[in-house]
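Please read the structure below before turning to the comments.
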Amino acid sequence: MVRAALRAVGADLVACHGTAAVLHGFDVLGSDTVHLLGPASVANRSRPGIQVHPSVQGTDDALMVDGVWCTPPARTACDVVRSSPPIDGLAVLDAALRHGACGAADLVAAAEAQAGLREVVRLRGLVPHVDGRAGSPMESRMRWRFIDGGLPAPEVQVRVAEGHRWREMDTAWRAARVGAEFDGLEAHMTAEQLRDDRRRHNWLTERRWTLLHFTAADVYRRPELMVAAASRALRLPAR
């Protein structure tokens, strides 16, 4: 699809945004639109299903991936974040690290290089919270809701051990002994998965942990209630 788009609008362009994220292996948004990048004069080359972005940064840093020139991973991640809804930003950055496309220092440098561009302040606010250990995009979105809601940033993939036994949580505030799990349908549908979840919950509760459970409806539709529940568990002052 990318090669066909390049033939239609110009082989001098470079894959960018979500299209480059797919090529680098960390796309979490999914889109049927092909995104291409070129100099400021190329804006009028867009076609149905093909969005051509003019760039003030140029394309000299482009890399060849699977036979297609595209923006580097860190720059790609930052571009996607700036053009996506806030709820998706941390999920994109976490995925770039999780899939080994780039490192945290690369994201810092790429965000700095985009000074003056649209939504760069929001991007830079996310970069310090990036963690490639996040298990899924929805876990990242849940964590962002906590941070955006004013809570202390939770740790990621927190392991609680006792002797040779241990249990792990998606996110947790270790000092307060409070954990938060994102419960998605794919990971919690079978009888075996439900059994293991309940055993883990009981094991942690017996060791004086509070384990909260949230779903996509909480993350997308009722974030204020989710943040309030976590705040109460953390015994933070009412806001």
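The values are calculated or read from the model by the stated rules, or taken from the named source; none is laboratory data. Worth saying up front: this structure is predicted, and the values here are computed from it rather than measured. Note: ideal-geometry Cβ built from the backbone for every residue, glycine included; neighbour counts use all protein chains shown. With ligands, DNA and RNA removed, areas are computed over all heavy atoms of the protein, side chains included. Shrake-Rupley method; radii C 1.70, N 1.55, O 1.52, S 1.80 Å.
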How far apart, in nm, are the 7 Å Cα→Cβ label points at Asp60 and Gln157?
3.8 nm
Tally Lys/Arg at +1 and Asp/Glu at -1 over every other residue whose Cβ is under 15 Å from the Cβ of Phe214; what's the total?
-2
With unit charges on the beta carbons (Lys and Arg positive, Asp and Glu negative) and the dipole taken about the Cα centre of the chain, which residue among Ala172, Trp203, Ser140 sits farthest to the positive side?
Trp203
Please report the accessible area of Thr190 (heavy atoms, 1.4 Å probe, ligands and nucleic acids excluded) in Å², nearest 10.
60 Å²
Of the beta bridges DSSP finds with both residues in segment 33-160, what % are antiparallel, to the nearest 5?
45 percent
Pair-distance profile P(r), taking every C-alpha pair of segment 149-239, with 10 angstrom steps and integer %
15, 47, 32, 6, 0
What are the membrane-span-like helices in the chain by this rule: whole DSSP H runs, Cα extent along the axis at least 18 Å, mean Kyte-Doolittle hydropathy at least -1.0?
86-98
From largest to smallest, what semi-axes in whole angstrom does segment 69-112 give when each is the square root of 5 times an eigenvalue of its alpha carbon gyration tensor?
15, 12, 10
For the chain, accessible area per residue (1.4 Å probe, heavy atoms of protein chains only), Å²
51 Å²
Where the Cα atoms of the chain are projected onto their three principal axes, how long is each span, largest first, in whole Å?
63, 40, 33
If you take every DSSP beta bridge whose two residues both sit in the chain, what share of them, in percent to the nearest 5, is antiparallel?
60 percent
By accessible area with a 1.4 Å probe, ligands and nucleic acids excluded, highest first: order of Arg200, Arg124
Arg124, Arg200
Give the average over all directions of the projected area of the C-alpha convex hull of segment 1-129, one decimal, in nm².
7.1 nm²
With all protein chains in place and a 1.4 Å probe, Leu212 shows an accessible area in Å² (nearest 10) of 30 Å²
When the accessible area of the chain is split by element with a 1.4 Å probe, what percent falls to carbon and sulfur?
54 percent
Return, ordered by residue number, the residues of segment 59-80 whose backbone nitrogen is under 18 Å from a label point located 7 Å along Cα→Cβ of Arg45.
59-65, 67-72
About its Cα centre, segment 137-234 carries a charge dipole, from +1 on Lys and Arg Cβ atoms and -1 on Asp and Glu Cβ atoms, whose size in debye to the nearest 20 is 340 debye
Find how much the distance from Leu236 to Thr33 grows on full extension, using 0.36 nm per residue of separation minus their present alpha carbon separation; answer in nm with one decimal.
68.7 nm
Average Cα contact separation per residue, segment 1-136, under 8 Å, 6 or more apart, as relative contact order %:
22 percent
